[in-house]
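The values are calculated or read from the model by the stated rules, or taken from the named source; none is laboratory data. Quantities reported herein were computed from a predicted structural model and do not represent experimental measurements. Positions of Cβ are backbone-derived with ideal geometry, glycine not excepted, and every protein chain shown enters the neighbour counts. The protein model used for the area step is the full one, side chains on, heavy atoms only, and it has no ligands, DNA or RNA in it. Shrake-Rupley method; radii C 1.70, N 1.55, O 1.52, S 1.80 Å.
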Amino acid sequence: MHFGLLEILTLIGAVGLFLYGMKLMSEGIQKAAGDRLRRILSLMTSNRWLGALTGIFITVLVQSSSATTVMVVSFVNAGLISLAESISVIMGANIGTTATAWIISLFGFKVNISAFAVPLIAFAVPLLFAKKNSWKNWGEFLLGFALLFMGLDFLNNSVPDLQSHPEVFSALQSYANMGFWSVLLFLIVGLVLTMVVQASSATFAIALIMCSKGWIPFDCTAAMVLGSNIGTCITPILASVSGNVLAKRAAMCHLLFNVFGLLWSLPAFYLLVDFIVSLSGSVGDPNELIRLTSSLDEQTLNALNNGTLDRSIPENVALIKQFTSAQFAVSFALSLFHTVFNCINFCVMIWFTNLYEKIVIKLVPSNTISKADDEVNHLQYISTGIMSTAELSILQAKKEIEQYGKRTMRMYKMTRDLFHSTDENEFTKIFTRIEKYENISDRMEVEIAEYLGKVSDGRLSDDTKHQIQKRLRVVSEIESVADSCNNLSKVFRRYHDGTEKYTSEINANIELMFNLLDAAMSHMLLVLAKDHIEAADFNTAEDNEHEINNFNHQLKNQNLDDLNDGKYSYTVSVTYMDAITEFEKMGDSIVNIVEAIAETKYR
């Protein structure tokens, strides 16, 4: 059989075109409706049934269960939904992904793919050059839709002609007629193939083509579809590798759901196949195709598969009609098998969501961090590549920035502890921890900014671009707060190493300034958590800023009078005023953070 390098590359290219079309279509619709998808996923998870419907809806819309599951893993990673809420969404996604199978099945054999795919590109390309991002996103969706079916058509024409070479076909037939062992073999084939291409839809298309050409019987094709259900778990697992514990647990839930579904379905496999055959009886018997192809000679079967059979002969016309009808019966029954299996699996497993949660908590234990070592030196919520679209990645950054603010608050509290510390060993220990926090803060600023930069590389909506700019400003100002804390610690270090001490009045003034900053920092964290600002929040931020500035001016003026009166030396005055200056800078940075979130200025 001549199937050389060119033919192999053509086959790989056909699979690549199919996958690229699927990727374009999925990403296009996610960009076009990214904000709405985000709101749906974050809001419609109040109970298991609503969460399942949400998973079905989103997956039907984006045509990818992997995309939906990766979104869910990301939302769990960001703390937007709980692990329990994510389980039902993941279960619903498995049902929603069967929509892709129906599209391939119904359009793949009933419609001349090349007849509408290329004209569809004619509509898609002008949209890609539109000024509005929303039009570009819809153009990307249409282009992906066309390329998907072009890839399917090329795939159908690029597979090796096994029927022309009986020795190869005999080997394939021998693997397909080993009873239940054949089921297990083709299940593994479907699993491995899906893990390699990371798309169950591609496996479904390949299995459908193999069956429609009469190479393998319907039950072996159904086994490949079962295997693809397990193989599709690889994408969210890879997405969760760099995520937190909750993200890994969500990915594990997806795997367990499909594995347990496979375990109950294997003993009942032939009963399930017979049930599907009976359901699809009105359309046709899916086993008829393998019987028909087995009865035909090599030349006639090749002509049928290539579409070159002479239609001037009435018998051939009837044969073509019978062959086409049998092909459609196979595609219909295989789509029905995919849907019915996932629906039954969902109806069984939905009642065990609490059990799933307990199992994954056992399988993926939490890596608890002690308070003494809470200076985690890596990002907790952001992980590059975990989100399937840039629109949804903004949520990761929001949660990480909130965590960044909390760590800066801990650094601020350490600075206050440093000021009150009188023990030399304790003072050194706190000062060292502040320096460590400063290094972590610098690194976090760079990593978050780089992440937001990568997000901005994609084609984004105007609102998302604005969100990125806002968050970049917030990150920069939080780092300025951390710098002020570090500078304060150095000021207190100089004072600690000196021989002269502050008067009780200076200590009281610094203590009052700490109290004012406490209130401002706490309010900042509140605004970061809400990620928006209301009139009351705005007024509070303004009041805090005015208090800090007024007290700062008052202390600087009082300092001149106290120096003239000889209440303390100039050396004491230097560290005292340096501390007051850093307090003012910190207050300015805090109010800048509130302004950035409010997206306005009030000064």
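Some points to look at:
- Cross-link check: pairs Lys131/Lys530; Lys362/Lys530; Lys362/Lys398; Lys490/Lys567; Lys362/Lys413; Lys454/Lys490 evaluated at a Cα-Cα cut-off of 31 Å; pairs beyond the cut-off: Lys131/Lys530; Lys362/Lys530; Lys362/Lys413; Lys454/Lys490.
- Those lysines that a straight Cα-Cα span of less than 24 Å connects to Lys358, excepting residues fewer than 8 apart in one chain: Lys248
- Shown are Cys253, Cys343, whose ranking by accessible area with a 1.4 Å probe and every protein chain present, most to least, is Cys343, Cys253.
- Taking a straight Cα-Cα cut-off under 22 Å and skipping sequence neighbours fewer than 8 places away in the same chain, the lysines within cross-link reach of Lys321 are Lys110, Lys213.
- Estimated at 0.36 nm per residue, the fully extended path between Ser573 and Asp463 surpasses their Cα-Cα distance by 34.7 nm.
- Computed FRET value (nearest 0.05) for Ala449 with Leu526, which takes r as the C-beta separation and R₀ as 30 Å: 0.80
- Cα pair distances of the stretch 433-524 binned at 5 Å [whole percent]: 3, 11, 15, 17, 16, 12, 10, 7, 5, 3, 2, 1, 0
- Sequence-distant aspartates and glutamates (8 or more away, or on other chains) whose Cα lies within less than 16 Å of Lys23: Glu140, Glu391
- Placing +1 on the Cβ of every Lys and Arg and -1 on the Cβ of every Asp and Glu, with nothing else charged, gives the stretch 450-603 a dipole about its Cα centre of roughly 460 debye.
- The candidates Leu262, Leu355, arranged from most to least accessible area with a 1.4 Å probe in the full protein assembly, appear as Leu355, Leu262.
- Leu191 accessible area, 1.4 Å probe, all protein chains in place, Å² to nearest 10: 40
- A straight chain from Ala268 to Glu500 at 0.36 nm per residue would run longer than the Cα-Cα distance by 75.0 nm.
- Summing charges over all other residues whose Cβ lies under 13 Å from the Cβ of Pro365, with Lys and Arg as +1 and Asp and Glu as -1, gives +4.
- With all pairs of different C-alpha atoms in the average, the Kirkwood value for the hydrodynamic radius of the stretch 518-603 is 14.2 Å.
- In the complete set of protein chains, residue-level accessible area for Thr428 is approximately 60 Å², probe 1.4 angstrom.
- The stretch between Thr428 and Asp310, if pulled fully straight at 0.36 nm per residue, gains 33.2 nm over its current Cα-Cα span.
- Trp138 accessible area, assembled protein chains, probe 1.4 Å, Å²: 110
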